[in-house]
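The values are calculated or read from the model by the stated rules, or taken from the named source; none is laboratory data. Since we're looking at a predicted model, the values are computed, not measured. FYI the Cβ positions are ideal-geometry reconstructions off the backbone, even for glycines, and counts take in every protein chain you see. Calculation scope for accessible area: heavy atoms of the full protein, side chains included, ligands and nucleic acids excluded. Shrake-Rupley method; radii C 1.70, N 1.55, O 1.52, S 1.80 Å.
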Amino acid sequence: MPCERKPMRYGHSEGHTEVCFDDHGRFIVTCGNDGDVRIWESLEDDDPKFITVGEKAYSLALKNGKLVTASSNNTVQIHTFPDGEPDGILTRFTTNATHVTFNSSGSRVAAGSSDFMVKVVEVSDSSQQKTLRGHEAPVLSVTFDPKDDFLASSSCDGSVVVWNIEEQTQVISWPLLQKTNDVSNAKSLCRLAWQPRAAKFLAVPVDTKVHLYERGSWDHVSTLSDDLLTQPINVVAWSPCGQFLAAGSVGGSLTLWDVNSKLCVERQKHEKGFTVCGLAWHPSGSQIAYTDTEGCLGLLDGLGVSTADTNAPKAPVKKPAKDYDALFDDDDDDRVLDEGLSDTNSPVKKRVAVDGDEDDDDFLIPSTGRVRNRGAILDDENSLDTGSLKLGPDTFRDDDDDTGSAVVPPSVPLVALRPVYEGPMPTPPQKAFQSGSTPAHLTHRFMMWNSVGIVRGYNDEQDNAIDVEFHDTAVHHAMHLTNSLGHTMADISQEAVLLACSSTDELASKLQCLHFSSWDTNKEWMVDLPNGEDARALCLGQGWAAVATSTLTLRLFSIGGVQREIFSLPGPVVCMVAHGEQLLIVYHRATGFDGEQALGVQLLQFGRRKRQIVNGEPLPLSLRSHLTWLGFTAEGTPCYVDSDGVVRLLNRSLGNTWTPVCHTRETCKSRSDHYWVVGAHENPQQLRCIPCKGSRYPPTLPRPAVAILPFKLPLCQTATEKGQMEEQFLRSVLFHNHYSFLSSSGYEIDEDGQSRSQKEQQELLMKMFALSCKLEREFRSVELAELMTHNVVTLAIRYASRSRRMALAQRLSDMALERANQILEEEPEEQDEEPEHKSIRRNSGYDQSEVTGGRQSNRHNREEEEEQGQELGEEEDGQEMETEETTESRKRVNPFAKEAGSPVKPSLTPIGKVGRANPFKVFGSGKPSASSGQNRVTNILDNMTSSRRSAPPGGSAGKPGKGPVLKPLAPRPKSKTQSTLLQMTGTKTANKKTPGNTEPAADQRKEAEVPAPASPADNSDKRPKTGFQLWLEENRKSIVFDHPDMEETDVIKEAMGRFRTMSAEDRLTWTERAKGQTGDAFDLKKRKRDGGEDVGSENGREEADENDAKKKKPLDSASKLSAFAFNKN
């Protein structure tokens, strides 16, 4: 169907606009947001007559010289036409009417309103009204049945309802639409239309299709669709003959279907892509007038569909289509092809083709079925005709004369003459946008919302201005800028505000920077882009600004305005963001098909050494979605959100892949609700966004509240305990990758935070290990242990042996020994390279000094023990203090120490009276011991288990130190503080008390007695004694006398109980006395350990001898020095 699209012309101010023809087609009548009704004699009429009906006019209808309008004063008015004289008020609502329409005879008017009501009013007597109640949201549109029995209406509550007018009841209701709270937020206006004359079908626009419902049966009989329609249809209108249906969509597409054949016979596109919101056929059927949301009026002329065509010849239909050869030889009318393929300026062709037509058509239609020169048409117009090949020859025969039209397509097999493209259809490319902004066509909009501040734009009748507001007013005070240049893009940082505008016929595209952090008086600079180059996206980094332009160029400026870099982009930019030294660019790398966007991403870093981190990789999106937000987390990791609500984060540890970390749609209560993302944080793990009820974007006023969504990886079976822990572990690893990136980039990092994250990960691994053991998944347990650090592996060995899984414990022990060997091999190299960092160097995630056996290790452990022991002693003296945080903040030897209250504790209780040997004890020669004893295991075990739990009966019997000195504070039960290293040390005296122990490790421990570094407990008395230690020394005899059969650890428990019952003053007195008896522990720490008596001999001493030695000579320097004994051989 050939037609000509006339140029658009300005009609009303920006906003919803409607259009209709008068009864004879002499005038085009429009109404708009300015409150005027304009009467145009033609599209070229430069001085149309106008009638002012109110502040705003929402809808109009014209019939029999009566003009009815819905205006902003909540009334439906009537005027004479064309004179425009007021003729009274038909009806009133409590809020504004949204749509008005006449019935076929002009005797009644129906009006729908935002107060959920529909009224039917007699024009001759407005007191005769019928009110239809039942909608639960504002009414979108109303339409009369041509036979005047029924009325159909659509509403924001998602329903389309057919009413019986006389009975004022609902005949049927279809839940077809997306729910919303207001007409302004509706995805589509859903303007219904009843087929004229025959009144056979009701047309309902549903998303990108039109549903046809049969009058009477109310069955859904067919659907009109077009693959090129990607956005919702707003309005539909029938041709006067009832044969054709026109539709205008949100994206500006104008589509025309033949209802009988269900073929799309014409496609046109709005010249600027604005939303079509009004559509009207000329009474002759030769023209369609349409209006858009910008207040402009357009016309499609020369459609060639008129009531005069009723006498058109029907020869192609009457001819029997059995002889296909005859059909192919016939030079029949090829209108089916031509109608869908008309050029925008093509002349109206005659109904009967001449001999040369086929050649002309070949010129227009290449063998691929594509049009070579289509102007505004996007693609091949026959894309939907493939289904017609399967239809029979009589499909389009005019069976029912009351359709009011005899325009019948030719026999369908003719389509087979020309190849038809049946492949996927290209997707219109996504337009460039600023991340954190709302659409530019809104009068009040967010130009930018990020972690620094908010930039709002106002463009209405009163003002064209920009407001800049900072979240932290210490950065800068709020600013109000006059937007004289018409800036449409903005970005804001801690240093500047960057603005850009598009070019006009007179002015070039400009980039304006307000550098408010500058120390000089000139805080503003502006740059004109070259002619023909428009800014498409811009962003601000640390000390620089970037702008991507329409010529696929990226220009980099310093924050002061110096042009620093320029390079070409691989495709049209979609979005661009910056953070510190990083620049992230997303662009179209190719044409997408079937609703997909083919986007590419570049990540550049402008540090001391400029480099490209991600080079043109495809950007993964959900199916049939587009990019809606692009940004960096507060820690500098790139992330983005697509229109399906999926948030993805860059995984630097997996080759810069993108991992989905959240699905915002899962938390939405309604399909029409959305979350508008404004920022993301990795620590704490938060997605900052604004809930938008019934819309995709938030309003500027009142200021919307920011909500916080948690992250959740879409792992399998997250409802199970295993799935939950796996998700937590993977998320913890992913969200703490930024520590390594920041440190490699030269930034300072929060070491405490990094330690906490590693501790959290190891705890989760241990929980998963325990769960796998319970489920008898030993292979899985080994897989988990491979991810653990050295310390936690020893804990896993302990757990496996206690669970009677000796094969698993042996495998883990072998793995741990192999790790220890690797560390010993790497140690000399590291000593040469970085000797000064030896004591804190980490390899494979655990402390190397734990297995070196050198003096450094002892000093490290000794200092740690003194710090922890001193804190514990001070608390026992009556000073209540939580030491867990302070000890963690001062040292990072064991960042995985288990916090109180951990769920792991029930399965990790130490075994009482079982000797604990160190499986990784180092021989004098530097080789690891072959013993698989578990001295070190106990250390880690006690450190990982909760310090709040009570010690089990006899559980502390094995805890006295190896050396001659017993630290009396070791087995304090139910302590609020973290366990000290003294509690962790094993002892051989326990072996003597349990000679019957048959655990295999016991024999190995005896064989493995070798000179080893002094235990931290051996050095315990180098520290100043606490008040409790001094009190215990003087009162030990009385306790032993009262309880002669009590073991040493029980003596200490009894002493603790007695000491706590003393008054605070008495305990303070003992503390002061202890401070006065400080020995020379500090000097001893510096003294070099020389060979004394062998450590192994001390291990064989009787416990009673040790206690006597301590009581007789508590400060004897010889006994102190014996703790440092070290066998050099």
(message) Based on this model, can you work out whether Gly631 counts as within 17 Å of Gln434 (Cα to Cα) and either surrounded by fewer than 17 Cβ atoms within 10 Å (Cβ to Cβ) or not hydroxyl-bearing (Ser, Thr, Tyr) (or both)?
(response) yes
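Condition check ((1) part of a loop (DSSP other than H, G, I, E, B); (2) more than 20 Å from Gly580 (Cα to Cα)) across all residues:
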residue: Glu495; (1), (2): yes, no
residue: Phe516; (1), (2): yes, no
residue: Asn522; (1), (2): yes, yes
residue: Met526; (1), (2): no, yes
(request) List the number of the failed condition for Gln129; all other conditions in (1) at pLDDT below 90; (2) open to solvent by less than 30 Å² (accessible area, probe 1.4 Å); (3) not charged (D, E, K, R) hold. (result) (2)
(message) Restricting to the stretch 150-187, give me the number of residues that are open to solvent by 40 Å² or more (accessible area, probe 1.4 Å), part of a strand (DSSP E or B) and hydrophobic (A, V, I, L, M, F, W, C).
(response) 2
(message) Tally up the residues in the stretch 629-683 that are among the hydroxyl-bearing types (Ser, Thr, Tyr), in a loop (DSSP other than H, G, I, E, B) and closer than 27 Å to Ile613 by Cβ, please.
(response) 3
(message) For the stretch 254-299, which positions are farther than 17 Å from His16 by Cα, surrounded by fewer than 22 Cβ atoms within 10 Å (Cβ to Cβ) and without any contact (Cβ under 8 Å) to a residue 40 or more places away in the chain?
(response) Ser286
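Listed here are the residues, each with its yes/no results for (1) without any contact (Cβ under 8 Å) to a residue 24 or more places away in the chain; (2) farther than 27 Å from Gly595 by Cβ; (3) in contact with an Asp or Glu (Cβ under 6 Å, 6 or more places away or on another chain).
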{"position": "Asn656", "(1), (2), (3)": "no, no, no"}
{"position": "His663", "(1), (2), (3)": "no, no, no"}
{"position": "Glu666", "(1), (2), (3)": "yes, no, no"}
{"position": "Glu682", "(1), (2), (3)": "no, yes, yes"}
{"position": "Ala707", "(1), (2), (3)": "no, yes, no"}
{"position": "Gln717", "(1), (2), (3)": "yes, yes, no"}
{"position": "Glu721", "(1), (2), (3)": "no, yes, no"}
{"position": "Val733", "(1), (2), (3)": "no, yes, no"}
(request) Within the stretch 188-199, track down each residue that is open to solvent by 60 Å² or more (accessible area, probe 1.4 Å) and either polar (S, T, N, Q) or at pLDDT 90 or above (or both). (result) none
(message) Quick check on my filter: what residues within the stretch 1020-1050 are among the charged types (D, E, K, R) and either part of a helix (DSSP H, G or I) or at pLDDT 85 or above (or both)?
(response) Asp1021, Lys1022, Glu1033, Glu1034, Arg1036, Lys1037, Asp1042, Glu1048, Asp1050
(message) Can you report the number of residues in the stretch 240-253 which are open to solvent by 10 Å² or more (accessible area, probe 1.4 Å) and of a type in the set (A, V, I, L, M, F, W, C)?
(response) 1
(message) Just to be sure I understand, how many residues within the stretch 108-126 are open to solvent by less than 50 Å² (accessible area, probe 1.4 Å), small (Gly, Ala, Ser) and outside any strand (DSSP E or B)?
(response) 2
(request) Check the stretch 728-739 and report whether any residue there is open to solvent by 50 Å² or more (accessible area, probe 1.4 Å), under 30 Å from Ile454 (Cβ atoms) and either at pLDDT below 95 or not in a helix (DSSP H, G or I) (or both). (result) no
(request) From (1) closer than 24 Å to Asp207 by Cβ; (2) open to solvent by less than 10 Å² (accessible area, probe 1.4 Å), pick out the condition that doesn't hold for Asp145. (result) (1)
(request) Among the residues of the stretch 684-695, write down those that are polar (S, T, N, Q) and without any contact (Cβ under 8 Å) to a residue 40 or more places away in the chain. (result) Gln686
(message) I need a count of the residues in the stretch 760-780 that are open to solvent by less than 10 Å² (accessible area, probe 1.4 Å), of a type outside the set (A, V, I, L, M) and over 14 Å from Gly723 (Cα atoms).
(response) 1
(message) Which condition from (1) of a type outside the set (Phe, Trp, Tyr); (2) touching a residue at least 40 places away in the same chain (Cβ under 8 Å); (3) surrounded by 17 or more Cβ atoms within 10 Å (Cβ to Cβ); (4) within 30 Å of Ser625 (Cβ to Cβ) is the one that Ile559 breaks?
(response) (4)
(request) For residues that are of a type outside the set (S, T, N, Q), part of a loop (DSSP other than H, G, I, E, B), under 18 Å from Val206 (Cβ atoms) and within 33 Å of the chain's Cα centre (by Cα), tally how many sit in the stretch 218-275. (result) 7
(request) Search the stretch 457-501 for residues being over 21 Å from Arg703 (Cβ atoms) and among the hydrophobic types (A, V, I, L, M, F, W, C), and hand back the single one that is nearest to the chain's Cα centre (by Cα). (result) Met489
(request) Name every residue in the stretch 686-722 that is open to solvent by 80 Å² or more (accessible area, probe 1.4 Å) and either on the phi > 0 side of the Ramachandran plot or not in a loop (DSSP other than H, G, I, E, B) (or both), in order of residue number. (result) Arg688, Ile708, Gln717, Glu721
(message) I'd like the full set of residues that are surrounded by fewer than 23 Cβ atoms within 10 Å (Cβ to Cβ) and within 12 Å of Leu619 (Cα to Cα), limited to the stretch 591-602.
(response) Glu596, Ala598, Gly600, Gln602
